[in-house]
Amino acid sequence: MMRNITMIGMPSSGKSMIGVLLAKRLGMSFLDLDILIQERSGRLLRELIAERGQEGFLKLEGDTACTLHPENTIIAPGGSICYEDWAMAHLRSISRVIYLDISYEELEKRVGDLKSRGVVLPEGYTLRDLYEERRKLYERYADLRIPEEGLSADQVVEQLYDIVKRKR
């Protein structure tokens with residue numbers, strides 16, 4: 001049995017897009033945790049954050065991650081998964097964790113409206129604050145860090161494909 005892969009990183013770092021492309025290339029399944037949460041709850045992420053508050057949403061996200069026991073799957077959790085240490089411990093036990101690292105400047109270009117995306121942004125935080133805080137957490141949990149600077153999605157997928165194929 002091949003191990004799973006979990007993609008972590010900031011919103012808009014390409015976890016879902018790169019995850020889907022890599023899954024196709026490797027013949028793996030793909031699971032988007034945000035979509036799973038929305039399907040199970042019947043609510044959009046932003047609605048869940050509004051209803052439950054940020055802490056309540058983080059608990060739901062972490063608890064949902066801990067229900068996962070897939071095989072041969074690329075998992076793309078939301079960017080805030082790094083706040084739930086118990087969930088990250090579970091994901092690390094079932095998968096290899098890869099951090100898709102984008103620069104702050106690239107994040108600013110890509111991210112769009114945080115509220116409509118359902119991004120957990122603590123009161124008084126700027127996007128820069130969120131980036132600096134999460135970056136340290138992603139680095140702590142990652143088995144591998146992929147700097148995306150100057151690379152297209154296809155180039156990142158190619159790099160990951162080569163790394164995964166070497167480890168098999």
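Read-outs: derived from the displayed coordinates by stated rules, not from any lab. It should be emphasised that the depicted structure is a prediction, and the values quoted were computed from it without experimental measurement. Cβ sites come from the backbone with ideal geometry, for glycine too, and all protein chains shown count toward neighbours.
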(request) Could you pull the Cα extents of the chain along its three principal axes, largest to smallest, in whole Å? (result) 43, 34, 25
(message) If the only charges are +1 at each Lys and Arg Cβ and -1 at each Asp and Glu Cβ, what is the size of the charge dipole of the chain around the Cα centre, to the nearest 20 debye?
(response) 600
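Loop only per DSSP, at most 14 neighbouring Cβ atoms within 10 Å: give me the chymotrypsin sites (Phe, Trp or Tyr not before Pro) in the range 65-168, ordered by residue number.
Here the sparse-neighbourhood loop sites are Tyr125.
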(request) Work out, step by step, the length gained on full extension between Arg3 and Gln54: first 0.36 nm times the residue separation, then minus their alpha carbon distance; give nm to one decimal. (result) 15.2 nm
(message) Can you tell me which aspartates and glutamates have their Cα less than 20 Å from the Cα of Lys59? Leave out same-chain residues fewer than eight positions away.
(response) Asp32, Asp34, Glu39, Glu47, Glu51, Glu84, Asp85, Glu123, Glu133
(message) Can you give the FRET efficiency to the nearest 0.05 for Lys165 and Arg46, using r as the Cβ-Cβ distance and R₀ = 30 Å?
(response) 0.20
(message) At a threshold of 8 angstrom on Cα-Cα distance, excluding pairs fewer than six apart, so keeping six or more, what relative contact order does the chain reach in percent?
(response) 36
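Got a sec? How would Arg134, Arg96 order by Cβ neighbour count within 10 Å, fewest to most?
Least to most surrounded, the residues fall as Arg96, Arg134.
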(message) What are the membrane-span-like helices in the chain by this rule: whole DSSP H runs, Cα extent along the axis at least 18 Å, mean Kyte-Doolittle hydropathy at least -0.5?
(response) 45-66
(request) Counting helices only, and only those DSSP H runs with n ≥ 4, report the 222 nm mean residue ellipticity of the chain as the sum of -39,500 (n - 2.57) divided by its residues, in deg cm²/dmol to the nearest 500. (result) -17500 deg cm²/dmol
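Taking neighbour Cβ counts within 10 Å as the exposure measure, how do Glu139, Glu106 sort from fewest upward?
Glu139, Glu106
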